[in-house]
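The values are calculated or read from the model by the stated rules, or taken from the named source; none is laboratory data. Model, not experiment: these values are computed from the prediction. So basically every Cβ, Gly included, is an ideal-geometry build from the backbone, and we count neighbours across all protein chains shown. Protein only, heavy atoms only, side chains kept; ligands, DNA and RNA dropped before computing areas. Shrake-Rupley method; radii C 1.70, N 1.55, O 1.52, S 1.80 Å.
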Amino acid sequence: MAALTRRELAARYRGGVLGFFWSLLNPLLLLGVYATVFRLVFAPRSDVRPYALFLFGGVLVWSFVSSGLLDAAETFRANGPLLRKTTVFPEVFPGVAVAARLSHLALALPVLAAAIAFAAWRGSVAPGPALVEFPLVVFLLAVTVWGLALAVSSLSVHFGDVRDLLANLLTLAFFVTPILYPVGSVPERFRPLLRINPFSSFFAAIQETVFFFRPVAPIEWLWMLATASAAVLLGCSVFDRLRESIAEQA
């Protein structure tokens, strides 16, 4: 799987002058745009400052989620010849799609760390020990994405509309997931509805750890663990049901 992940990353940047440097440059440009727009054009939220940092952390991780699932939706069609010629287990390919996007996220995290350090130097935030919980939140989120990727990849190779449907669902999910706003800004009567969204707890925990620097509540850890477990069970169930016809359909 590691070799296929390296192959996927190398193929993505083949022929480019900057190569892997784009993994740093893209989030750096994104952060610059947010910082400029919300300083000079739009008035930022009064309850979240610096809003550019708040937004950047959530969008950075959301890019991993959306790109990983969309890549998984195409992985079998993109790797059909390899799948038919080798004895590699087919479930490896959606795993590679997620792992490659997770590598992109890991390469972009130094930009987030630098942004936090700069905001701390200016006195805008006060980093605390809760920051060390962030990697575990990302790990549980990656497990969730992998489980969903198993289902998405096996369904999309049989049904051509799955990727387009997924793209629209992810657009909707972006706005109903606490990325643009903190959970505290959601009216109390609507907060239970956030539980319907499997990503809400993860992004609330990301806000807690890399912006507010507060420990994640135990109930949220249990919810994230349950979500990750359910996603993997769902993904494995769908994948096992369809796996026999994946190679011939790819």
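Just name one of L242, F212, T227: the one whose Cα is farthest towards the positive end of the charge dipole of the range 204-250 (beta-carbon charges, Lys/Arg +1, Asp/Glu -1). Highest projection toward the positive end goes to F212. The portion of the accessible surface of the range 46-165 made up by carbon and sulfur, rounded to a whole percent, is 67 (1.4 Å probe; DNA, RNA and ligands excluded). On the basis of the beta-carbon distance and an R0 of 25 Å, C236 and V176 show a calculated FRET efficiency of 0.40. Packing order of peptides 89-99, 206-216, 117-127, 229-239, highest average first: 89-99, 206-216, 229-239, 117-127 (average count of other Cβ atoms within 10 Å over each peptide's residues).
Residues S185, S200, sorted by accessible area with the largest first, give S185, S200 [1.4 Å probe; ligands and nucleic acids excluded]. What the range 196-250 shows is 50 Å² of accessible area per residue, with the surface traced by a 1.4 Å probe over protein heavy atoms.
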